[in-house]
Structures are given as C-alpha cells and as structure tokens.
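Asker: What follows is a single structure, and I will ask about it in a moment.
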Amino acid sequence: MGTTILPDLGTEILIPVCAVIGIGFALVQWVIVSKVTVSTDGKSSSSGAGADGKNGYAESLIEEEEGINDHSVVRKCAEIQNAIAEGATSFLFTEYQYVGVFMVAFALLIFLFLGSVEGFSTKSQECTYDSSKMCKPALATAVFSTISFLLGAITSVISGFLGMKIATYANARTTLEARKGVGKAFIVAFRSGAVMGFLLAANGLLVLYIAINVFKLYYGDDWEGLFEAITGYGLGGSSMALFGRVGGGIYTKAADVGADLVGKVERNIPEDDPRNPAVIADNVGDNVGDIAGMGSDLFGSYAESSCAALVVASISSFGVNHEFTAMLYPLLISSVGILVCLLTTLFATDFFEVKAVKEIEPALKKQLVISTVLMTIGIALVSWIALPSTFTIFNFGIQKEVQSWQLFLCVGVGLWAGLIIGFVTEYYTSNAYSPVQDVADSCRTGAATNIIFGLALGYKSVIIPIFAIAISIFVSFSFAAMYGIAVAALGMLSTIATGLAIDAYGPISDNAGGIAEMAGMSHRIRERTDALDAAGNTTAAIGKGFAIGSAALVSLALFGAFVSRAGISTVDVLTPKVFIGLLVGAMLPYWFSAMTMKSVGSAALKMVEEVRRQFNTIPGLMEGTAKPDYANCVKISTDASIKEMIPPGALVMLTPLIVGILFGVETLSGVLAGSLVSGVQIAISASNTGGAWDNAKKYIEAGTSEHAKTLGPKGSDPHKAAVIGDTVGDPLKDTSGPSLNILIKLMAVESLVFAPFFATHGGLLFKMF
C-alpha cells in the first residue's frame, strides 16, 4: 500500500498546532475590534484598523461632519447594545436549560440502546467487518458513544454561545465606526465575523482530535470500534444545532414579522424605529437565530462529515493497517483549511481596503474565490504528503483500490461545488442582478404578484445547485465510494472559517443599522449601515447555500456508513419495505416545515397584537415622548420559541428510533433517502425565496438606480407590497429553510449511531407477521 511522506509524529503536531493558530488568530481579531470603545470617556471611538487616517481622508473633517464627539450618541449606542446583549444571553440560557435536560435524557438512551446489543456483556466480540479478529465489547461502544455525544453537544452549545457574545459585542462598535466611513464599519463587522469563524473551526477540530487520542488509550488497535464510538460527536453537535436553529429561528422571525407588519405597513415608521416595541426583540433575534443557531449548525455539519469519513476509513486499508496519518486525512484537510482561511481573511482586513459602498459585496465575494483557490492548493499538498500512493476503500463489502490523486479530486470537486452553489445563490438573492430586480418590479401591481414571482424564483434557483451536488456525488463516488462523498462534503466545509466570517458579518451589520436608527444617528450613517446590511443579506443566503449543499453530501455519506453498519447489501426501491420508507421520508421535510412555519405564524400573531396594544394604549408613543415596553415583546418571543421548538425537534429525533425499532433497517434506509431527496430541494428554494424578497424590499428602499426610484420611496404602494413579501419570506429563509438541512443530517447520523441496535433488535412489526 505504501507509506506516507508525513510521519505520524508530524500529524500529531500539525493538527493541534493549526487549531491553536486558529484560536490565536481569533483572539487577535477580537483585541483589534475591542480597540473601538463604546464609552464616553476620552475619545469616543478609535479603530486599530485605521485611526491614522488610512482610508484616505483627514479624520478631523469627518469628526466635525458626523459629530464623532457627540457623547450622547455613544451613550445611547452603549445602552442599546446592553439591552440586545442581555436579551440574547437570557434567551440562550433559558433555551440551554431545556436542551440540557434533553441532552442528558438522550445520552442515557444511547447508553441503554447500544449497551443492550450484547446484553450489557463486558466480553470481547467478533469484529463487525472482520470476524477473524476480536473487538472491544458493545458496552464499550455504548459508553464511549455517550461520551462523544455529550462532547459534541457541549462544543456545539459553546460555539453558538461564543458567536452570540462576539456579535453583541461588535454591533455597536460597527455603528460607531460607520461615522468615519463605510470602510471602517465593514472592517469591524468582518473582523468580528472572523473571530466567530476561527473559534468555531479550531474548537471543533481540537475537541475531535483530543477525543480520538483519549479514546485510543482504551481501544488500542480496535480502530473499527474507536471510530464507531466517535460518531456520537456528530450526533451531539447536530442535535443541539437543531434546537438552536429552530428555537432561534422562531424567536427572530416572530419579532421581525411583528415589528414589520405593525411598524412599517400600519404605522408607516422606519425599520428599527425606537418607537416600535418589538425592535429590541428583533435585534436580539438576529443574534440568537442567525448567529448562535447558524454557528451550531455549521459545527454540526463539520463534525458529521469528519465522523462519516473516519468511520468509512476505519474499515478501509487506513484502519485495517493502522496508518495513523492517512486515517486522519479528514482532520488534516480541516487543519490546512484554518491556515488558508487565515491568509484569505488578511485580504479583506489588511491587504485591500473597502472605501466605497459598491466595493462591499465584491470584497466578500473575493473571500470565497480566494479561499477556494488557495484551498485547492492546500488539498493537493495534504493529499500528496498524507496519503499512500495507492490504498483501498471499503465499498459495501468489497475493498476498492483508490489512488491518492483520485481522493484529491473528490475533495476538490466538493470544494468547487460549494463555490458554484455560493455564486448561484448570490445571483438569485442579490439585488445587483435581474432575478431580484424582477421581483421588485412585480411589486408595482401589489403583494400577490410579488409573492408569485418570489416563489417562482426560489423553485428556479434549485436547478444549478442540484446539478452541482449531483455531479460531485457521481465523481466522488466513482473514485472513492462513500469515503469520496464524505471527503467531498469536507471539501465544501474546508473553508468553514471564511464561510462563517462572511455569514456572521450579515447579522452584525443588521444590528449595527438597527442601533444607528434607535440612537437617532444621521441619515447618512443609516445609509452606510443599510449598504453593509444588504450585502450581509446576500452573504447570509450564500452561507445557507453552503450549509444545505454540504448537508446533502454529509447525509449521503452517513447514509452509506449506516447501510454498511446495519448489514444491508442493497437498498432495493422496488421492495415494499423500502418504498413505504421512501414515501414517508420525502413527506417529513413538509411536515417539519409546516410545524416551524405555523410556530412563527402563531408567535408573530401574539407579537402583532402586543405591538398594536402598545401603540393604542401608551400615550405619546407615536410622538416619541413615551418609551415602549420592550421587555414584554422580548418575553413573548422567548416563551413562544421555547415552547414551539420542542415538537419539530421531537419529530426529527424520534422518527429514526420509531422506524428502526418497529419497521427495521430497510424501511429506515428508505426514510433517510426520501428525506434527503425532498429536504434539499425545499431547503434551497425556501432560503432563496426569502432572501430574494428581503433584498427586493431593500432594493426599493435604497433607490439607488433609476428603476428603483420609480418603485419607491419608503411608504409607497410598491414598497408596502415588498414589505409583505419580505414578511412572508422571513420564516422561509430563517426558520424552515436552514433547519431542514439539520433534519436530513441529524436523521442520518442518529441512524448510524443506533445502527448496531436496529440491526440486532429492530423491525419488531415485520417479525410479528
């Protein structure tokens, strides 16, 4: 099989060193952002990134012009920032209390189900894939799977919480920097996004690497058992992400829909107007949904694609021959990804500078392109030094011979498919291109035509991403079977630090705009933050595209690992057992979407009633002489989201267990295939429809082109039609759409973790008849 150029010791040093560099870089960015002070003592605001007038103009002129020395504005910004941070922290603590109870209960379930496979025996058993060898007992798998589940869950929760803390720390700082120009504000928002991206990528890698090495002390040469137990890490990460995404999504959209419908449509006041009672809840929602939820979601994808690749590798020549460096190839890709993203980030923060509004979106797009090109070189290097020239990969019972260059192509095809999905998403959701402009134009004749055009755009936007996913699946499977698909998913996620930085930038800019409006800052500053926010909307849609594309590849790889582990030789669609599973699986994303949409609708209903009540009963609220009761709206969103996140979560978590136990592994394989196929389509169309409606509204509000001016200004009939479209799209793009990718991944990884139990004790109903 040949040896690798990189020795095992090199691997043992390289992976933790890259992770530590990632964490170090995140802390450096944090320190630079913290130099912008949100207090009224001394100079109100100074930026480490350019207090020397680096943006090509004299600072003193700007200070006079935008009132940089106005302490009351800084004080207001600090107050609003604190209110948002408190709301976000208290919501996440409440959510984590409920999720913590579930986490402990589910951990017990994993232990009981997997322990009972061999009747809680402590004797060694025959290995699943090589009966001539003895492996560690099933009880060990139960114990270590439970530990890795808890590790994944805790890492996921920490990832989301840290992201939220960073975002609420950076929002007011971005607002204050916007007084000095759009370039300064962009850099603060982007650096803050980078803090989250690098912390999450590095933490996920480091915890997984440490877990593998600690588990190895017990498992020794039984790598098959070791990496089967590690799959719990992915399950823990994704189960927390599900509750984070659904709970956060319901929270943010209930507040957003309530604030928009009463504020903009009925009362004709601007977005984020301080008179609107739901405005703080809306800004809190950006942090708990788009930041904390998304952080947990992408961490889950990363953990699962790593676990899927490791499970398949452990029963291939890497695992059988105990080739440590080749075995950890997935982790080495992620390690190099951190270094590549670090270099890419410097292009946005240090090498090139954004000086004008029109440069914002290209700067973010360049991040994607640069990281993809550099990562292609990185993957080639890792494949050359960390893989033997030829090796075998497990392919449904037989060993398939693969060469190292073929594996490089598998990762590369996933990486570039991610870029294509990103660009297609941008084309369909950015107001710089004709699809969104057509949707905006359709607002001339009212909300109905806007909704028809928006839905059509979403359905159409599915075509190219699906072809990109299909081609990458075909290429990677042809070269390296299921392992190829798992590493293609890792390729798509290898630049996760940059992807997250771009994604987190959006909600931070959105919050910055809200703070500028609430603090009563000048119209010019609001224009700058709006420009940052519009670019952020598109990048958020690109981030969702990446998450959905990688989820499709990840769940297919997990599906392959599940089929192998459950001992199914072929999944025959023509057998009734499989076909009924296929039908039910394809229905699940619709059922799940219905639950989440209705949850947002009922929570928004309460919010609308509360906002109307305050406008009608608080004297002087519309005149701005009285303050609204923000806390009540925050409470409505919190209560609704905590209560409403449980049924959709239960649907996803219980379906594999019920199907596996009652109907067996064949029907479950049908359910997984069905949910994957329909879930990906709905997720892409929902995210892009919502993103397009949002940016069509922003296109009319900005009024930068002649066409947009004919549709505006704010408050015109076309604008009101656009607001209604945006409101309908809110739960699609921020609740149902992004949560669906977790549904398809989570059901697959859960089935894989419980596969030994289902294979031994499953299919009770069919056994009776």
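Asker: Treating only the Cβ of Lys, Arg, Asp and Glu as charged (+1, +1, -1, -1), what charge dipole size does segment 86-220 show about its Cα centre? Round to the nearest 20 debye. Let's see the in-between values first.
Answerer: Values: 10 positive and 6 negative charges, 124 e Å.
Roughly 600 debye, rounded to the nearest 20.
Asker: Follow-up. Filter the chymotrypsin sites (Phe, Trp or Tyr not before Pro) in segment 85-123 down to the DSSP loop ones having no more than 15 other Cβ atoms within 10 Å, then list what survives.
Answerer: Sparse-neighbourhood loop chymotrypsin sites (Phe, Trp or Tyr not before Pro): F120.
Asker: Can you pull the accessible area of D438 for me, 1.4 Å probe, Å² to the nearest 10?
Answerer: 80
Asker: Can you give me the accessible area per residue for the chain, using a 1.4 Å probe, in Å²?
Answerer: 33
Asker: Also, I was wondering about something else. Give the lysines reachable from K264 as a straight Cα distance under 26 Å; neighbours fewer than 8 places away on the same chain don't count.
Answerer: Here the lysines satisfying the reach criterion relative to K264 are K76, K253, K598, K606, K627, K635, K697, K698, K709, K714, K720, K733.
Asker: Which one, L457, I398, I377, projects farthest toward the positive side of the charge dipole computed for the chain from Cβ point charges (K/R +1, D/E -1)?
Answerer: The Cα lying farthest towards the positive end belongs to I398.
Asker: Among M622, M482, what's the order by accessible area (1.4 angstrom probe), most exposed first?
Answerer: M622, M482
Asker: Say the dipole of the chain comes from +1 at the beta carbon of Lys and Arg and -1 at that of Asp and Glu; which of G237, A386, Q81 then lies farthest toward its positive end?
Answerer: G237
Asker: Pull up all non-local amide H partners of L621: gap of 5 or more, or a different chain, and H-to-H distance under 5 Å with H placed in the peptide plane.
Answerer: Hits under the 5 Å cutoff: A626.
Asker: What ranking, highest mean first, results for peptides 199-209, 139-149, 314-324 when packing means the other Cβ atoms within 10 Å averaged over each residue?
Answerer: In descending order of packing, they fall as 199-209, 139-149, 314-324.
Asker: Same structure, new question: Please report the carbon-and-sulfur percent of the accessible area for segment 630-732; probe 1.4 Å, protein heavy atoms only, DNA, RNA and ligands left out.
Answerer: Here it works out to 70 percent.
Asker: So, one more: Under the 0.36 nm per residue contour assumption, what length would be gained going from the current alpha-carbon distance of A594 and T94 to full extension?
Answerer: Between A594 and T94, full extension yields an extra 177.5 nm.
Asker: With a 1.4 Å probe and all protein chains left in place, how much of the accessible area of segment 567-609 comes from carbon and sulfur atoms, in whole percent?
Answerer: The C+S portion of the solvent-accessible surface of segment 567-609 is 76 percent.
Asker: If the label point is 7 Å along Cα→Cβ of S569, which residues in segment 734-769 have backbone nitrogen under 17 Å from it?
Answerer: From segment 734-769, the list is empty.
Asker: Run the simple label-point estimate for I21 and K355 please: 7 Å along Cα→C-beta, distance reported in nm.
Answerer: 3.2
Asker: Set the Förster radius R0 to 35 Å, insert the Cβ-Cβ distance between I580 and I466 as r into 1/(1 + (r/R0)^6), and round the FRET efficiency to 0.05.
Answerer: Result of the calculation: an efficiency of 0.90.
Asker: Might you work out the accessible area of E12 for me, using a 1.4 Å probe with all protein chains in place, and round it to the nearest 10 Å²?
Answerer: 80
Asker: Could you pull out every Cys in the chain that lacks a partner Cys with its beta carbon under 4.7 Å away?
Answerer: C18, C77, C307, C341, C410, C443, C633
Asker: So what J values fall out for segment 693-703 if you push phi through Karplus, 6.51 cos²θ - 1.76 cosθ + 1.60 with θ = phi - 60°, rounded to Hz, Gly and Pro as x?
Answerer: 4, 4, 6, 5, 5, 5, 4, 5, 5, 5, x
Asker: At a probe size of 1.4 Å, how large is the accessible area of R524, to the nearest 10 Å²?
Answerer: Estimated to the nearest 10 Å², R524 gives 110 Å².
Asker: Further question on the same structure: Using helices alone, what [θ] at 222 nm do you get for the chain, with -39,500 (n - 2.57) per DSSP H run of 4 or more residues, divided over all residues and rounded to the nearest 500?
Answerer: Calculated at 222 nm, the ellipticity per residue is -26500 deg cm²/dmol.
Asker: Could I ask something else about it? For segment 527-534, take each phi angle, set θ = phi - 60°, evaluate the Karplus expression 6.51 cos²θ - 1.76 cosθ + 1.60, and give the result in whole Hz per residue in order, putting x for glycine and proline.
Answerer: Result, ordered by residue: 4, 5, 5, 5, 5, 4, 5, 4 Hz.
The values are calculated or read from the model by the stated rules, or taken from the named source; none is laboratory data. Since this is a predicted model, take the numbers as computed values, not measurements. Positions of Cβ are generated from backbone atoms using ideal geometry, with glycine treated the same way; all protein chains shown enter the neighbour counts. Quick note on the areas: whole protein, heavy atoms, side chains included, nothing else; ligands and nucleic acids left out. Shrake-Rupley method; radii C 1.70, N 1.55, O 1.52, S 1.80 Å.
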